[in-house]
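First the structure, in the form of C-alpha cells, and then the observations on it.
Just so it is clear, none of the values below were taken in a lab; they were calculated from the coordinates. The structure displayed is predicted, hence computed values, not measured ones. Note: ideal-geometry Cβ built from the backbone for every residue, glycine included; neighbour counts use all protein chains shown.
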Amino acid sequence: MRPLAALRRGDTPAFGGKSSTLGELIAAGIPVAPGFAVSTAALHTFVREAGLDGKIAAELARVSAGDVDSVVAASHAIGEAMRSAPVPDVVREELAAAYAALAEEVGTPEPPVAVRSSALGEDGEDATFAGQLESYLWIRGAEPLVAAVRDCWVSLFGPPAIAYRAHVGQDEPAMGVAVQLMVDAEVSGVLFTCNPVSGDPSMVAVNASWGLGLAVVGGEVTPDDFLVSKVTGEVVRERVHVKEVEYVPDAGGRGAVRVEVSEERRAVACLDSRALEALVEVGRRIERAFGAHQDVEWAIARARGLPDGLFVLQSRPVTALPDRRSVESATAMGLVMSMFGAGDRKD
Amino acid sequence: METASPVGSFPSPYEVGTPPGCEGWEDLYPYYALFDDERREADEQRFWFWNSMHFPLPMPAFDAICIDTAYQALGTWQNRVFAVPPAMGIDYRCLNGYIYISGNPVTDPEKIAERAGHFQQRAGYYFEHWDELYAAWRTKMEALIAELEALEVPALGELEPDEVAFGDQETSFCAVLDAYRRALRLADVMWQHHFEFLLLGYGAYVTFTELCKTHLPDIPDQHIAQMVAGLDVLLFRPDAELRRLARLALDTEVDGAFVEGRTPAEIESELAESEPGRTWLAELEAVKHPWFHMATGDGLYHYYGSWLDDPTIPFASLTGHIAALRAGEDIERPSDHIATERERLASEYGALLDDEARKGFDDLLALSRTVFPYVEEHKFLCDYWFLTTWWNTIRDFGGLLAEHGFLEDREDVFQLSRLEVYSALDELLLTWATGGQPRGPMYWPPIVARRKELLARLADWTPPPAVGAVPDAILDPALIMLWGVTTQRVHAWAQADEDGSSLSGTPASPGVVEGPARVVRNVSEIGDVREGEILVCSITSPAWAPIFSKIQAAVTDIGGVMSHAAIVCREYALPAVVGTGRATSQIRTGQRIRVDGSAGSVTLLE
C-alpha cells in the first residue's frame with residue numbers, strides 16, 4: 001500500500017496507471033480526493049497464496065479469442081475460484097491499516113471510499129480497458145473494503161477483459177487498485193481540455209449531470225454540454241438536456257443507487273458560471289501539468305462550495321483528436337495572397 | 001453546421017411587381033441601372049442581393065452618384081489596378097428604388113493566373129509600404145476636404161461685378177458651371193481615395209480571421225475583432241470630446257443648463273447668459289471642427305447631415321453624460337481595459353498554437369493591426385466629414401435653382417439626377433444671360449413632386465434580401481470582405497424560416513436578452529427609441545452612439561462582426577446579432593423578441 005500522494009509516473013508498473021496519475025495530479029496541486037494505492041504485487045500475493053496460478057492458467061488456456069462461450073466459461077470459473085479463496089492476512093492487514101490511516105486523516109471513522117482498478121497497459125493504460133473494469137462505490141468498513149478489492153481483482157478476469165487480452169495477445173494480467181475517499185457528488189462529469197470534436201485548443205468541453213459520474217460515463221443520461229473559452233471564460237455553447245436519472249449513495253450509506261432526478265432539477269443546468277469557471281481553471285492546470293490535452297473525470301461534492309468542493313477523479317491523455325485542417329506553411333503575405341485568389345506566389 | 005440540404009430560391013427580379021401607385025419609378029434612375037429586357041437572360045441567372053448595408057432606403061435620383069461613382073472607384077481598384085484574380089467589380093441594378101448588387105467573376109483559369117501575377121506585384125507593394133502610403137493618403141484626403149470646404153456657389157446678380165468688367169475675373173456662367181463640375185469632380189476623387197486601401201485592408205483582416213478559425217475553430221468572432229481593433233480610433237474621438245465637455249460643464253458649474261427635453265438652442269441660449277457658460281460654448285466651438293463632422297446616419301444619403309447640421313444627437317449625448325456624472329457613474333470608455341484585454345487575448349491565443357501556426361498568427365495579427373486604422377478611419381474622413389459637407393455644397397446649388405424658381409426648395413435638388421441638375425443649371429445660366437423666359441420653373445417642380453411621392457410609397461415596400469439565382473458558393477472576395485455575404489449566409493436567406501418566428505445572423509456581441517423591438521428604418525426615427533428597447537435596423541452608424549445607452553440589444557439586416565453595431569455593442573456590453581438579412585422586414589415595433597448574441601439567433605416571441 002502507498003498513499004496516492006506519494007506516487008509518480010514511474011510507479012505505474014507497481015501500482016497501475018490510474019493510481020500513479022492521481023499521484024502526479026496531487027503533486028501538481030490538483031484537488032484529488034485522498035486515498036491510497038494497492039500495488040499490483042498484492043494481486044500476485046493473493047493468487048499465489050490461494051494457489052490459483054494453475055487454475056487461472058488452465059482456464060485461460062482453454063479460451064479461444066473469437067469464442068464467446070469459452071470466454072464466459074473461463075471468466076465464470078476463475079471468478080468463482082477467486083471469490084471463494086481467502087485474501088491473505090498480510091494483504092488484509094495492510095488494507096485495514098491503510099484504511100485506518102485514511103480514516104484518521106479525514107477525521108471520520110469508517111469513511112466511505114471508492115475502489116477502482118488501476119490497470120497496466122501499453123499507452124493509454126486504462127483507456128484501452130475503458131469500461132471493462134469495474135468501480136465499487138460507497139464502501140464502508142475494513143471487511144467490505146477487502147471484499148471490494150477482491151471484486152476489483154475478479155473484474156480483471158471479466159469476460160470483456162479476457163476477450164480483450166486474448167484479442168491483443170497479452171498474458172500475465174496485472175492490476176493495482178486505487179482506494180479513495182468517496183466524493184458525495186452533487187454534480188459530476190467529464191471535461192476535455194480542448195474541444196474533442198473540432199480540436200480547438202482554446203476551448204474546454206464539459207459534460208455534466210446530477211449525482212455520481214456513473215450516469216455520464218455510462219451514457220445513461222444525455223448530459224448538459226458546455227463549451228467554455230479558456231482565454232476569457234466565456235461560455236461559447238451551452239446545451240441543457242433533460243437528465244432523468246442520477247446515482248446517489250444508498251440510504252444505508254453503503255453502495256450507490258440509481259434514482260430518478262427530481263422533477264424540478266431535470267431540465268435545469270447542473271453547472272453555473274462559477275462551477276464552470278472552477279472547472280476551466282482545473283482543466284488548464286492539468287493540461288499544463290501533463291503538457292498534453294487531457295480527458296478528466298471530476299465531481300463537485302454536495303454542500304462543500306467551490307472551489308473546495310471540486311475533485312478530480314481521473315485524468316487521461318486525449319488520444320483521438322481530429323486532424324486539424326492541414327495548412328500549407330506559408331508566410332503571412334502568402335496567406336493574404338491566397339485569400340485574394342493569388343496564392344501561387346513563387347517565393 | 002453548414003448543411004448541404006436544398007438551398008431554396010429567390011424571386012426573379014423580372015417577376016417582382018411594381019408596388020401600387022409606384023408606376024414610373026424607373027424615371028429616377030439611369031437607363032443602365034434597370035433590370036431591362038435586353039439583359040434579361042443573363043441577369044436572371046445571376047445572384048443579386050439588396051445592398052441594404054449602404055442603401056437601406058429607396059434611392060433619391062441625385063444620391064445615385066454614391067452608387068455610380070463608388071462602383072466606378074471600387075471596380076477600378078479591384079479590377080483595373082490590383083487585378084484581384086477571381087473577381088472584377090460590382091454591378092448594380094435598381095428594383096423599385098432599391099439597390100441590388102452582383103459581382104463579376106473571372107472564370108478563365110489562364111486569365112486568373114495572369115491577374116494573380118499583377119495582384120502579387122501591386123498589392124504586395126501596398127502592403128509593404130502601407131504606413132507611408134496611408135500617411136500620404138491622410139494628407140491628400142485632408143487637402144481634398146479643405147478644397148471642398150473652400151468651394152462656393154457663385155451668386156447670379158443683376159449685373160456682373162466690376163471685376164469682370166474691369167478686371168480678369170471669369171463670368172458667372174462659367175464660374176457656376178465650373179463650380180458644379182468641381183463639386184462632381186471632388187466626389188469622384190473622394191470615392192477614388194475611399195476605395196484605394198479598402199479591399200486590401202479588409203483582405204488582411206479576413207485572412208487573419210481564417211487563420212484563427214483554422215487553428216481555433218471555435219474562437220468567437222468578437223475575440224478576433226478585439227485583437228485587431230484599434231485603440232485610438234478617430235471614430236471614438238467625437239464621443240470622447242463630448243465626455244470631456246460634459247466633465248467641463250460640471251467642473252465649471254454650467255451643467256444646470258442641460259435639462260432633458262430641452263433643444264440645443266434652448267441650452268445654448270441659457271449658457272450664453274453667463275461668463276462660465278460662454279467659456280463653455282467657446283470650448284464647444286473649438287471641438288466642432290472637425291469632431292462634429294460625424295454623420296447622423298451612415299453617410300451615403302443626402303438625408304444624413306452632420307452633428308453641425310443637427311446638434312440634437314450630440315446635445316442629447318451631452319445631457320446623458322452629465323446626468324450620468326451627477327449620478328456618480330463612470331462615463332469613460334474603458335480604454336485601459338480594452339488595451340489590456342486586446343494584448344491578453346493575443347498572447348493567450350498565440351500561446352495555444354504550435355510554432356509554425358504561431359508565426360502566421362503573429363505576422364497576420366501585426367499586418368491586420370497595421371491596416372486596420374485605415375478601415376476604421378476612412379469612414380470618418382470620407383463617409384462623414386467629406387460627404388456631409390458635400391451634400392451641403394449641392395444644397396447650395398439647389399438654393400441657386402430655387403432662387404430662380406427652378407425648384408420650390410433647395411432640398412429638392414436631390415430629386416434630380418446629377419446630370420439633370422447640370423441640365424437645369426445650363427438652362428438657368430442661359431436664360432439668366434439672355435433674359436429670356438426659362439421653362440425650368442414649369443418643368444422641374446411637377447417632376448420633383450412626383451418623385452417625392454414615389455420615394456414615400458417605395459419606402460413602404462419591403463425588398464427581398466436577394467433576387468435571381470441562388471449561387472452554389474460565394475467566392476468573390478469583395479462580397480465576403482466588404483458585405484460579409486458568405487455562402488452560408490446566402491443559403492440561410494434562401495431558406496428563410498417559413499413560419500417567420502426566428503432569424504439567424506452572425507453572433508457579434510455575446511449575451512441573451514428579451515424585450516420589445518424598435519424597428520428603425522430611417523435615421524429620422526432614432527428619436528423614437530425608448531429605454532429598454534431592442535434596436536432593429538438595417539445597419540447602424542457610429543453617430544447613433546448615444547442611443548446605445550438606452551437600448552438592450554441590437555439586431556441588423558446586414559453587416560459582420562466588424563460592423564458598427566457590433567463594435568458599439570461590444571463597447572456597451574449589449575448583445576448583438578448582425579447580418580440577419582431580414583430583421584427589419586420580419587419584426588414589428590413593439591413585438592417581443594429574444595436576442596441571443598452568442599448563438600446569433602433572434603426569436604420572435606409573439
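Which log10 I(q)/I(0) values, to two decimals, does chain A give at q = 0.06 Å⁻¹ under the Debye formula with one point per Cα?
Rounded to two decimals, the profile gives -0.26.
Apply the Karplus curve 6.51 cos²θ - 1.76 cosθ + 1.60, θ = phi - 60°, to the phi angles in the range B:182-199 and return the couplings in whole Hz, x for Gly and Pro.
Values, residue by residue: 5, 4, 5, 5, 4, 5, 4, 5, 4, 5, 4, 5, 3, 9, 4, 10, 4, 5 Hz.
If R0 is 45 Å, what FRET efficiency do you get for A:Thr108 and B:Leu475 from their C-beta distance, rounded to 0.05? Could you put the intermediate results ahead of the total?
Numbers: r = 68 Å, r/R0 = 1.50.
Computed FRET efficiency for A:Thr108 and B:Leu475 comes out at 0.10.
Rounded to two decimals, what ratio of Rg to Rh does the range B:331-424 give with C-alpha atoms and a Kirkwood Rh?
Numbers: Rg = 24.6 Å, Rh = 17.9 Å.
My calculation puts Rg/Rh at 1.38.
Going by average Cβ density within 10 Å per residue, which order do the peptides A:187-197, B:300-310, A:231-241, B:138-148 take, highest to lowest? Provide the component values of the computation, followed by the final result.
Values: A:187-197: 22.9, B:300-310: 20.4, A:231-241: 16.9, B:138-148: 15.0.
Packing order, densest peptide first, comes out as A:187-197, B:300-310, A:231-241, B:138-148.
Can you work out the FRET efficiency for the pair B:Arg181 and B:Leu34, with r the C-beta to C-beta distance and R0 = 30 Å, to the nearest 0.05?
Plugging the Cβ-Cβ distance into 1/(1 + (r/R0)^6) gives 0.65.
Subtract the Cα-Cα distance of B:Lys288 and B:Ile338 from 0.36 nm times their separation in residues, and report this length gain in nm to one decimal.
On the way: separation 50, 0.36 × 50 = 18.00 nm, distance 2.68 nm.
Net length gain for the segment: 15.3 nm.
Please pull out the direction-averaged projected area of the protein assembly as shown, using the convex hull of its alpha-carbon atoms, in nm² to one decimal place. The partial results should precede the final answer.
Values: hull surface 201.9 nm².
Dividing the Cα hull surface by four gives the mean projection, 50.5 nm².
Take every residue in peptide B:211-223, count the Cβ atoms of other chains within 10 Å of its Cβ, and give the average of those counts. Don't skip to the end; give the middle numbers.
Values: counts 6, 1, 3, 5, 7, 10, 11, 15, 6, 6, 0, 2, 6.
Partner-chain Cβ atoms within 10 Å, mean over residues of B:211-223: 6.
In whole Hz and in residue order, list the ³J(HN,Hα) couplings for the range A:150-163 that follow from phi through the Karplus curve 6.51 cos²θ - 1.76 cosθ + 1.60, θ = phi - 60°; x for Gly and Pro.
Once θ is set to phi - 60°, the couplings for the range A:150-163 become 5, 4, 4, 4, 4, 5, 5, 10, x, x, x, 5, 5, 4 Hz.
Other chains near B:118-127: what is the mean number of their Cβ atoms within 10 Å of each residue's Cβ? If you can, show how the numbers build up before the last one.
Numbers: counts 1, 5, 10, 1, 0, 5, 6, 0, 0, 4.
Rounded to a whole number, the mean comes out at 3.
So for each of A:53-59, B:424-430, B:211-217, A:270-276 I average, over its residues, the number of other beta carbons within 10 Å; can you give me the resulting order with the highest mean first?
Numbers: A:53-59: 13.7, B:424-430: 19.1, B:211-217: 20.9, A:270-276: 17.4.
The packing order, highest mean first, is B:211-217, B:424-430, A:270-276, A:53-59.
What number, in nm² with one decimal, is the all-direction average of the projected area of the convex hull of the alpha-carbon atoms of the range B:234-335?
On the way: hull surface 27.0 nm².
Averaging across all directions leaves 6.7 nm² for the Cα convex hull.
Rounded to two decimals, what is the ratio between the C-alpha radius of gyration of chain B and 2.2 N^0.38 Å? Walk me through the numbers on the way to the answer.
Working: Rg = 25.2 Å, N = 606, 2.2 N^0.38 = 25.1 Å.
Against the compact-globule rule of thumb, the ratio is 1.00.
Starting from the amide H of B:Ile539, placed 1.01 Å from N in the peptide plane, find each other amide H under 5 Å away whose residue is 5 or more places distant or on another chain.
The answer is B:Asp557.
For a label point 7 Å from the Cα of B:Thr18 along Cα→C-beta, name the residues of the range B:429-453 whose backbone N is under 18 Å from it.
B:447-453
Net charge around B:Gly103, counting only other residues with Cβ within less than 11 Å of its Cβ (Lys, Arg = +1; Asp, Glu = -1)?
Numbers: positive: B:Arg46; negative: B:Asp91, B:Asp476.
Net charge in that neighbourhood comes out at -1.
If you average 1/r over every pair of different alpha-carbon atoms in the range A:185-317 and take one over that average, what Kirkwood value in Å do you get? Please report the intermediate quantities before stating the final value.
Values: mean 1/r = 0.0674 Å⁻¹.
Evaluated over the range A:185-317, this radius sits at 14.8 Å.
Once you average over the residues of A:230-237, how many Cβ atoms of partner chains fall within 10 Å of each Cβ?
Values: counts 3, 12, 9, 0, 5, 2, 8, 3.
Averaged over the peptide's residues, the number is 5.
Based on the Cβ-Cβ distance from B:Glu160 to B:Arg237, what FRET efficiency comes out when R0 is 41 Å, to the nearest 0.05? All intermediate terms of the calculation are to be shown ahead of the outcome.
Values: r = 45 Å, r/R0 = 1.09.
Rounded to the nearest 0.05, the efficiency is 0.35.
For the protein assembly as shown, please report how many Lys pairs fall under 20 Å Cα to Cα, leaving out neighbours fewer than 8 apart on the same chain. Write down the numbers at each step before the final one.
On the way: A:Lys230/B:Lys213; A:Lys346/B:Lys111; A:Lys346/B:Lys359; B:Lys140/B:Lys379; B:Lys213/B:Lys359; B:Lys288/B:Lys379.
Within the protein assembly as shown, the lysine pair count is 6.
Taking the Cα centre of chain A as origin, sum charge times position over the Cβ atoms of Lys and Arg (+1) and Asp and Glu (-1), and report the length of that vector in debye to the nearest 20.
On the way: 32 positive and 48 negative charges, 101 e Å.
The dipole of chain A has a size of about 480 debye.
With θ set to phi - 60° and the Karplus curve 6.51 cos²θ - 1.76 cosθ + 1.60, what are the ³J(HN,Hα) couplings of the range B:75-82 in order, to the nearest whole Hz, using x for Gly and Pro?
3J(HN,Hα) across the range B:75-82, in whole Hz: x, 4, 5, 5, 9, 9, 9, 7.
Given a cut-off of under 8 Å on Cα pairs at least six residues apart, what relative contact order in percent is computed for the range B:261-354? Walk me through the intermediate numbers first.
Working: 41 pairs, mean separation 14.0, N = 94.
After rounding, I find 15 percent.
How high is the relative contact order of chain A, in percent, counting Cα pairs under 8 Å that sit 6 or more residues apart? Walk me through the numbers before you get to the answer.
On the way: 670 pairs, mean separation 58.4, N = 347.
Contact order relative to length: 17 percent.
Quick one: which of B:476-488, A:4-16 comes out on top by average Cβ neighbours within 10 Å, and what's the full order, highest first?
B:476-488, A:4-16
Only Cα pairs under 8 Å and at least 6 apart count here; give the relative contact order of chain B as a rounded whole percent. Please report the intermediate quantities before stating the final value.
Values: 944 pairs, mean separation 114.0, N = 606.
Here the relative contact order equals 19 percent.
Towards the positive end of the charge dipole of the protein assembly as shown, with charges on Cβ (+1 Lys, Arg; -1 Asp, Glu), say which of B:Ala61, B:Ala576, B:Gly21 has the farthest Cα.
Towards the positive end, the residue furthest out is B:Ala576.
So, in nm, how far is label B:Ala324 from label A:Arg83 when the simple model puts each one 7 Å beyond its Cα toward the Cβ?
7.2 nm
For A:Val187, list long-range residues whose amide hydrogen, built 1.01 Å from N in the peptide plane, is under 5 Å from its own amide hydrogen.
Close amide H contacts, sequence-distant or interchain: A:Gly211, A:Ile300.
Out of residues 5 or more away from A:Ala33 or on other chains, whose amide H comes under 5 Å of its own, with H placed 1.01 Å from N in the peptide plane?
When sequence neighbours closer than 5 places are left aside, the close amide H contacts are A:Val312.
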